[in-house]
Amino acid sequence: METSKWIKFNYKSAIIFFAIMILTNLIFLPVLTGFGVNRAFGLFLLSSLGSWVGLSYVLLVKHGFYKSKKQAAVFVAVVGFVCTASCYFLIYLN
């Protein structure tokens, strides 16, 4: 029997991921705009950082989705690139 290559989330992991995303934006966006950072850039920065940290935490820490430190480092780098690119697309190109 073949196993699926798709990553499966349970509902607790999804709640943790979205809590990290929402709290990052709710707490730090007013701080960045208070320092004079453009609201769209602050939203882009915090959304990409929150999704990067949230997805890495859920998959690496909660699910143990790595076999070595090198694989974990490559995974975190790829997740960072994908999250940043998707947030850029959603905020600036939409």
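The values are calculated or read from the model by the stated rules, or taken from the named source; none is laboratory data. Since the model is a prediction, treat every value here as computed from it, not as a measurement. Neighbour counts are summed over all protein chains in view; Cβ atoms, including those assigned to glycine, are modelled from backbone coordinates with ideal geometry.
General observations
- Residue match in the range 59-75 (condition: modelled with pLDDT under 95 and crowded, with 18+ Cβ neighbours inside 10 Å): yes
- Considering (1) loosely packed, with under 11 Cβ neighbours inside 10 Å; (2) at pLDDT below 95, the lone condition that residue 15 does not fulfil carries the number (1).
- Among residues of the range 71-91, those that are of a type in the set (Phe, Trp, Tyr), touching a Ser or Thr at 6+ places or on another chain (Cβ under 8 Å) and under 14 Å from residue 49 (Cβ atoms), counted: 1
- Residue within the range 57-70 that is assigned to a helix (DSSP H, G or I), over 21 Å from residue 10 (Cβ atoms) and among the hydroxyl-bearing types (Ser, Thr, Tyr) present: no
- Positions within the range 33-47 being polar (S, T, N, Q) and loosely packed, with under 14 Cβ neighbours inside 10 Å, in sequence order: 38
- Residues in the range 76-94 that are assigned to a loop (DSSP other than H, G, I, E, B) and surrounded by 13 or more Cβ atoms within 10 Å (Cβ to Cβ): none.
- Filtered residues of the range 29-51 (kept if among the hydrophobic types (A, V, I, L, M, F, W, C) and not in a helix (DSSP H, G or I)): 35, 37
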